[in-house]
Amino acid sequence: QVQLVESGGGLVQAGGSLRLSCAATGSIFSINAMAWYRQGPGKQRDLVAAITSGGYTNYADSVKGRFTISRDDSKNKVYLQMNSLKPEDTGVYYCNGGVYTSRYYSPYDYWGQGTQVTVSS
């Protein structure tokens with residue numbers, strides 16, 4: 001069974017940094033395009049950053065210049081380096097993406113369980 005497992009969340013002061021990790025586990029052939037989403041208190045889940053299988057990246061305007069998404073295909077992992085954190089970055093961060101379980105089939109879309117990031121002022 002395939003799972004996306006996030007880690008690295010926590011409590012940090014404004015201006016600090018955190019690095020989130022997302023590991024695809026289970027019977028995996030490879031990972032496809034991946035993304036990080038954020039859901040703040042009382043808000044909808046929004047895209048924070050995305051990365052294609054070729055390494056092209058896209059960011060929400062609110063995090064450009066502060067966050068960096070990257071991937072390690074040899075480990076089936078995706079990362080989100082978050083610098084200069086602000087209180088408005090607080091929320092549950094979810095990993096999302098396509099996972100190939102075989103070279104013969106299209107990728108399935110999966111979500112992680114989320115990891116809490118809290119930025120204090």
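Ranking 72, 61 from most to least accessible surface, computed with a 1.4 Å probe over the protein chains only, gives 61, 72. Annotation: amide H of residue 16 within the under-5 Å range of 85, sequence separation 5 or more or interchain, hydrogens built in the peptide plane. In plain terms, the chain is cut at each of the chymotrypsin sites (Phe, Trp or Tyr not before Pro) found in a DSSP loop with at most 15 other Cβ atoms within 10 Å, and the longest leftover piece is 57-103. Relative to the Cα centre, the charge distribution of the chain, modelled as +1 at Lys and Arg Cβ and -1 at Asp and Glu Cβ, gives a dipole magnitude of about 100 debye. Solvent-accessible area per residue in region 1-92 equals 52 Å², computed with a 1.4 angstrom probe and all protein chains kept.
Structural size metrics of the chain, computed from C-alpha coordinates, are Rg and Dmax of 14.1, 49 Å.
Result for the chain in a Gaussian network model with C-alpha springs under 10 Å: among 41, 107, 87, the largest mean-square fluctuation is at 41.
Evaluating 6.51 cos²θ - 1.76 cosθ + 1.60 at θ = phi - 60° for every residue in region 37-46, the Karplus couplings come out as 10, 9, 10, x, x, x, 10, 7, 7, 10 Hz, glycine and proline recorded as x.
Near residue 14, once Lys and Arg are set to +1 and Asp and Glu to -1 for all other residues with Cβ below 13 Å from its Cβ, the sum equals 0. Sequentially through region 111-121, phi angles give Karplus couplings (6.51, -1.76, 1.60; θ = phi - 60°) of 10, x, 7, x, 9, 7, 10, 10, 10, 8, 8 Hz, Gly and Pro residues having no value and appearing as x. A run of the chain free of exposed loop cleavage sites, with trypsin sites (Lys or Arg not before Pro) counted only in DSSP states other than H, G, I, E and B and at most 15 other beta carbons within 10 Å, reaches its longest extent at 1-42. Computed from the alpha carbon atoms alone, the convex hull of region 50-121 holds 105 Å³ per residue.
Placing unit charges on the Cβ atoms of the charged side chains and taking the dipole of region 14-116 about its Cα centre, the candidate lying farthest along the positive direction among 51, 16, 90 is 16. For region 85-92, 3J(HN,Hα) computed residue by residue from phi via the Karplus equation (6.51, -1.76, 1.60; θ = phi - 60°) reads 5, 10, x, 6, 7, 4, x, 8 Hz, glycine and proline entered as x. The accessible surface of the chain, taken with every protein chain in place and a 1.4 Å probe, is 46 percent carbon and sulfur.
Projecting the Cα atoms of 108, 70, 33 onto the dipole axis of the chain, where Lys and Arg carry +1 and Asp and Glu carry -1 at the beta carbon, places 70 farthest toward the positive end.
The values are calculated or read from the model by the stated rules, or taken from the named source; none is laboratory data. None of the values given here were measured: they were computed from a predicted structure. As a convention, Cβ positions derive from the backbone with ideal geometry for all residues, glycine included, and neighbour counts pool all protein chains shown. Just so you know, the surface numbers come from the protein's heavy atoms only, side chains and all, with ligands and any DNA or RNA stripped out. Shrake-Rupley method; radii C 1.70, N 1.55, O 1.52, S 1.80 Å.
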